[in-house]
Every structure is written in structure tokens, then in C-alpha cells.
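The values are calculated or read from the model by the stated rules, or taken from the named source; none is laboratory data. Just so it is clear, the structure is predicted and the values come from calculations on it, not from any experiment. Backbone-built Cβ (ideal geometry, glycine too); neighbour counts: all protein chains shown. The accessibility values were calculated without ligands, DNA or RNA, using every heavy atom of the protein model including side chains. Shrake-Rupley method; radii C 1.70, N 1.55, O 1.52, S 1.80 Å.
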Amino acid sequence: MAQKSIAVLTSGGDAPGMNAAVRAVVRAGINKGMRVYGVYRGYNGLLNGDVQEMNLRSVSDIIGFGGTMLYTARSEEFATPAGIKKAADFCRSIDVSGVVVIGGDGSFKGARALTNAGINCIGIPGTIDNDIACSEYTVGFDTAMNTALQMVDRIRDTAQSHDRCSIVEVMGRRCGDIALQTGIATGATAILVPEIPYNIERDVIQRIVNTQKTGKKHFIIVVAEGVGKVAELANYIENRLGIETRATILGHVQRGGSPTLRDRVVASEMGFRAVELLEKNLGNRVVAMKDGKIVDLDINEALDMQRVFDEDLYKIAMTISI
């Protein structure tokens, strides 16, 4: 029997822990007697032949690095039928029968298309936003939260020194998980997320006023990127209450840095499971976390799922942040 060959790529936004997943795929594949190729710059690498066979040393010491050693890029060409066929034909030309795709929902759609073209693909959820409905946890989320936590803690030092209100925007265009958990961990007075409509008087101004009555003089407001308009919110608070207010957008600092222990371990588990699935000639699957366990499910089912925001946790946050 010919030696089985697989490939691994990272697509979409980078996330801390992607390197740990790549490392796990490469080493698990080699351990199972497979030839493993690294694909550079996402699906573009399959279109341009930008691949390299990996060995055990190719992934040495990358587990602690942020970003992705395979780089990432978006590909308009791959989104076309001709592009998908070209990528599948290239895989066949180097005898690659399966590809592990580390990324988000958009990357998974590409994996589904490539599987339908005859190349088995397995998706691993890698995005700091934790916004993939089929998985309760995505690689990079824990690191991003801890980075945001450190930044907000530092901003609090200045806010407290100046009796100031600080509004901090964290990442999360459609998902408020980073804002919610960072807000709880930093004792934010208010947390604004895209999943919960808010009233500025009730959910921000009145909360500040109520907290002032207890003697507090500095305030932290954590806002998800999808809510936005933090500069306008800062001006409103300052004009409405006479409190010096500053807005800070943390931005891409949240996507970098050395991954936390949890991200390294979860990424390694997911990478190993992906190789096990390809070893069984399975495709159109997504590796996910459910109830704290690593599972896999059909990619169509995964993409059809609707993400559920943790409203109970949000209620807890609003109760104890006073």
C-alpha cells in the first residue's frame, strides 16, 4: 500500500494556538506512517503549489509561538468552482488524500467544497472570537481573553488614579464572549455585547450612578467590537455625568502573543483527532469541543448550527458588577 499523504493549512485570521495544532497534526501523522505537507498561506498555497513536506523537526519549538508558522491569507480564486478544482487537482498531483484546515466558519466552507471535490478535509476551530457555533471553545480564545484581562487591569490603574471612567473595546464583531468574560474578570461596571440590545441610560449611565452612591469613583466599561462607537459613548458619559472618560481600542494586540496552556493543550488534542479521522478516510468533519470533551461532527451540521450566547453568565455579570 502506498504511503498515505495528508496536508495541513491555516486559514482566515490567525489565533494563538494554531502552531500547537499544526505541530500535533504533523507529529501525529508522521507517527502513523503518513507523509505530511505544510501548506503556506491558506488555500492560496494549494493554488500556487506553496507546500513543503514536514518532518518532526519542522515543528520543533513552535508550540509556544503565537500566530501561525504556515502564514494565512484569503483567496478569492479558491471561492470559485475553477479554484476549488485547481486545488483538488494539485492535492492529487502530490498524492494528498486529506487536508486539516485550521480556521473559522469561512475556512470550514472551503473545506466542505474541497471534500466535495474529492479531497477529504477535517476542520479545526481556530479563532480568538469563540464564534463557531458547533464548538463551545475555539483555539485562541483563552489567550485573547487573558491578553485583554492584562490590558484592562493596566488601564484600571490609571482610571483609579484619576477617578476616571475608561471604556475598553475588545475584539468580537458578532460574538461578545471576550467582552463578557473579560468584563466579569475585571469587575467592569457595564458590559456591552452585540447579542444583547442595550439602552445607554439604563445599562451604562444608571449603573455608574448607582455605583457612585456606594462610594466608587472610577469605572470600567467593556465593549465588544460589534457594538463599537466607544468614542461616542465616552463623550456621552463625560457630558452626561461630568466624569473624565477615555476610550481605548485594544485591537490586534489580542490576537498575538504566546498561547496559554489551555490553548496549547486543546489545539494539540484537536490536531490529533483530525489525523485520526483522516487515517480512517473520513472527510467533511469538524473537530469540536462539547461538554469539555473533544468530539467530531458532520461539517454540514456544524455550519447549520446557530450559536447560543450565554445569557445566564451575562445576568451573573450584571448582578455582581456593582
- Calculate the spin-label point distance for Q150 paired with E238, positioning each point 7 Å from the Cα along the beta-carbon direction, and give it in nanometres. 2.9
- So how much slack lies between I205 and D312, counting 0.36 nm per residue of separation and subtracting their Cα-Cα distance, in nm? 36.3 nm
- Message: Over the Cα atoms of the stretch 170-322, what radius of gyration and what Dmax do you get, in Å?
- Response: 19.7, 65
- Net charge near N300, counting Lys/Arg +1 and Asp/Glu -1 over other residues with Cβ under 14 Å of its Cβ? -2
- Query: Going by the alpha-carbon gyration tensor, a ≥ b ≥ c the square roots of its eigenvalues, is the stretch 280-322 rounded (a/c under 1.5) or, if a/c is not under 1.5, prolate (a/b greater than b/c) versus oblate?
  - Reply: prolate
- Over 19 Å between Cα atoms, which of K4/K32; K86/K109; K4/K85; K85/K109; K32/K280 qualify? K4/K85
- For the chain, the Cα-Cα pair-distance distribution in 10 Å bins from 0, as whole percents, is 6, 27, 28, 18, 13, 6, 1, 0
- Query: Taking only DSSP H segments of four or more residues, each worth -39500 (n - 2.57), what value at 222 nm results for the chain once the sum is divided by all its residues, to the nearest 500 deg cm²/dmol?
  - Reply: -12500 deg cm²/dmol
- In degrees between 0 and 90, to the nearest 10, how far off the longest principal axis of the chain does helix 311-320 point, with axes built from Cα atoms? 30
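How large, in percent, is the carbon and sulfur part of the accessible surface of the chain at a probe radius of 1.4 Å?
After summing per-atom areas, the C and S share lands at 48 percent.
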- Item | Accessible area in square angstrom per residue, the chain, 1.4 angstrom probe | 44
- Query: What residue among L241, L46, L114 shows peak mean-square fluctuation when the chain is described by a Gaussian network model with Cα springs under 10 Å?
  - Reply: L241
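Of all DSSP beta bridges located in the chain, what percent are antiparallel, nearest 5? Spell out each step's value before the answer.
Values: 10 of 43 bridges.
Rounded to the nearest five, the antiparallel share is 25 percent.
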- How do H162, H252 stack up against each other in accessible area, from largest to smallest, with a 1.4 angstrom probe? H252, H162
- So which trypsin sites (Lys or Arg not before Pro) in the stretch 1-89 pass both tests, a DSSP loop state and at most 16 other Cβ atoms within 10 Å of the Cβ? K32, R74
